[in-house]
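The values are calculated or read from the model by the stated rules, or taken from the named source; none is laboratory data. Only a predicted model underlies this, so the values are computations on that prediction, with no experimental measurement involved. FYI the Cβ positions are ideal-geometry reconstructions off the backbone, even for glycines, and counts take in every protein chain you see. Remember, those area values only see protein heavy atoms, side chains included, never the ligands or the DNA or RNA. Shrake-Rupley method; radii C 1.70, N 1.55, O 1.52, S 1.80 Å.
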Amino acid sequence: MTISQQPVRKSPANIRLQAARTIAAVLKGQSLATMLPQAEKRLHDSEHPLLRQLCYGTARHFFSLSLIRDRLLSKPLKASEKEIQALILVGLYQLLYSRIPEHAILSETVNATRNLKKPWARGLVNAVLRSAQRQKAELADWQGSTEEARYEHPQWLLRRLKQAWPEQWQAIVDAGNQQGPMTLRVNARQFSRDDYLKQLLDEGIAAHACQFSAHGIQLEEAAPVTALPGFQDGSVSVQDEAAQLSASLLDAQEGERVLDACAAPGGKSCHMLEHTEGVNLWSLDVDSERAARIHENLSRLKLTANVITGDATQPDTWWDGQPFDRILLDAPCSATGVIRRNPDIKWLRRDDDIPQLADLQREIMDTMWSLLKPGGILLYATCSVLPDENSQQIKAFLERHDDIILEPVPTEYGLDTGYGIQLLPKPQGNDGFFYCRLRKKAS
């Protein structure tokens, strides 16, 4: 092999460069889910785990790291210097939370300033990280000096959580600051859960059955999907246990017309088809790129659905006029129940987003109700822990409509709010989720 043919070896500093650019994009309002895949394309596959660790870890501890950064700087950085701000956060995360040798952290993070083409920042980044290295004993006290830094959540969300869950708010916050477990959904068309669990154990992958989902398996340690037996052949999917409950709660029957109203990326649609054969399923999403993910998941699992790009509030643009027997509405929400999987939510969400989301949920619910047959079932779901989007939303919905029967949801899943079941996030269990099952009175 000639020198020109040899694969380019990426430098460690380049990983820090991509991490800094990704976090900088989050500071500007982009999501990790959007930016990380773009950064990964610029690195070798073997470098992806470290990149993800740096980005998710930095986002998870954003509030305390920002406080430490600002106290260590002799004067504030310009607001426009997002990449240098982010690079310092990435460096501080490594010093405080990683097992990387400190000399490597300093040299590789500082070297990233060259790749950012900001040589003036080299001395600044080096000085801040060395100060943090010298003052490690004091940093813990700094981290506890404000409520946002201590709990790694924005003040507005802490206020809402305290108000909604006075006894549980700290547990919710603690769960949100931890990495969630990796949970699988076994394709019931191919394997029983016990048979697939045996395959995992035979491969040396430690796992156990989930408590509530009949198809759920939780891994003791996260593993790449390429290591999962039969993943490419559709034997199994990655899906949290709370989300897996939707298929059994909706309980679609063979031959029924079913709508998954906000379906992307398609996990719940696929689970419904695995759960019951012969369902006439419509999978709707407003975003064409996200709708493409539904096609990808259906293809891998060898399933078929009518995938539609359209707005759930404007059915005239996509609906054929025939009512549905069952509708799953996994409504757009604050995602405050899945912060541990999307820690950038803590930075990207704002307090005034909540009433706007509640308005959108209300509009979609009213529209979906008009598409449901008399006697049909609507399952309302969110991955939120805020009553404004959940129990209060259902209470207001019942006040607007007089043709509703509020059906029970198993109380062992979570807390009975009187208007549905709230699952709170558990460190070694399910994400935060809300479910309410509504039946339309027969005419």
Long-range amide H partners of CYS210, meaning residues 5 or more apart or on another chain whose placed amide H is closer than 5 Å, are GLY216, ILE217, GLN218
Among THR304, THR113, THR313, what's the order by accessible area (1.4 angstrom probe), most exposed first? THR304, THR313, THR113
By average C-beta atoms within 10 angstrom, highest first, the peptides 268-279, 96-107: 268-279, 96-107
For the stretch 377-386, Karplus-derived ³J(HN,Hα) couplings (6.51, -1.76, 1.60; θ = phi - 60°; whole Hz; x for glycine and proline) come out as 10, 10, 9, 8, 9, 9, 9, 10, 10, 9
Within straight-line cross-link reach of LYS440, aspartates and glutamates at Cα separation under 12 Å, skipping those fewer than 8 residues along the same chain: ASP325, ASP402, ASP403, GLU407
For the chain, whose charge dipole is built from +1 on Lys and Arg Cβ atoms and -1 on Asp and Glu Cβ atoms, the candidate among LEU27, TYR196, ILE327 with its Cα farthest towards the positive end is LEU27
Looking only at ALA242, ALA252, ALA13, which one moves most when the chain is put into a Gaussian network model with springs between Cα atoms under 10 Å? ALA13
For the stretch 202-271, would you read off the P(r) tail past 17 Å as a percentage of all alpha carbon pairs? 51
When the charge dipole of the stretch 117-168 is computed with +1 at the Cβ of Lys and Arg and -1 at the Cβ of Asp and Glu, the Cα pointing farthest to the positive end, of ALA132, ALA121, GLN155, is that of ALA121
Under a 5 Å amide H to amide H cut-off, with H placed in plane at 1.01 Å, what residues pair with LEU415 once short-range neighbours are removed? GLN422, LEU423, LEU424
Please work out the FRET efficiency for the pair ASP233 and TRP142, using the Cβ-Cβ distance as r and a Förster radius of 51 Å; give the result to the nearest 0.05. 0.50
For helix 288-301, report the angle its Cα long axis makes with the longest principal axis of the Cα atoms of the chain; keep it between 0 and 90° and round to the nearest 10°. 70
Please report, in whole Å, how far the alpha carbons of the stretch 79-217 spread along each principal axis, starting with the longest. 60, 42, 31
Relative contact order (percent) for the stretch 324-414, with alpha-carbon contacts under 8 angstrom and 6 or more residues of separation? 42
Taking the convex hull of the alpha-carbon atoms of the stretch 211-364 and averaging its shadow over every direction gives an area in square nanometres of 10.3
Roughly how many percent of the accessible protein surface of the stretch 148-306 is carbon and sulfur, given a 1.4 Å probe and a whole-percent answer? 45
How large is ³J(HN,Hα), in whole Hz, for each residue of the stretch 160-171 in order, when computed from phi with the Karplus curve 6.51 cos²θ - 1.76 cosθ + 1.60 and θ = phi - 60°, using x for Gly and Pro? 5, 5, 4, 5, 7, 9, x, 8, 10, 4, 5, 5
The stretch 175-182 - phi-based ³J(HN,Hα) in whole Hz, Karplus 6.51/-1.76/1.60, Gly and Pro as x: 5, x, 8, 9, 6, x, x, 8
What share of the DSSP beta bridges in the chain is antiparallel, in percent to the nearest 5? 60
With the 8 Å Cα cutoff and a minimum separation of six or more residues, the stretch 48-96 has a relative contact order in percent of 54
Cα-centred dipole magnitude for the chain, charges only on beta-carbon of K, R (+1) and D, E (-1), debye, nearest 20: 2240
For the stretch 273-416: accessible area per residue (Å², 1.4 Å): 43
Given +1 on the Cβ of Lys and Arg, -1 on the Cβ of Asp and Glu, and no further charges, what dipole in debye does the stretch 268-401 carry about its Cα centre, rounded to the nearest 20? 500
Considering Cα pairs under 8 angstrom that are at least six residues apart, work out the relative contact order of the stretch 152-250 and quote it in whole percent. 30
Between the alpha carbon centres of the stretch 124-167 and the stretch 45-123 the gap in Å comes to 16
Cα-based Rg and Dmax for the stretch 311-427, in Å, come out at 15.0, 44
Amide H neighbours of ILE308 at under 5 Å, excluding residues fewer than 5 places away on the same chain, with H built from the backbone geometry, are SER283, LEU284, ASP285
Compute the distribution of all C-alpha to C-alpha distances in the chain, in bins of 10 Å from 0, and list the percent of pairs in each, rounded to whole numbers. 4, 19, 27, 25, 16, 7, 2, 0
Treating the stretch 1-150 as a set of equal point scatterers at the Cα positions, no solvent, please give the Debye-formula log₁₀ I(q)/I(0) at q = 0.12, 0.21 Å⁻¹. -0.48, -1.41
Identify, among ASN297, GLY234, GLN170, the residue whose Cα sits farthest towards the positive end of the charge dipole of the chain, taking +1 on the Cβ of Lys and Arg and -1 on the Cβ of Asp and Glu, with the dipole about the Cα centre. GLN170
Size of electric dipole in the stretch 222-268: Cβ of Lys, Arg +1 and of Asp, Glu -1, about Cα centre, debye, nearest 20: 120
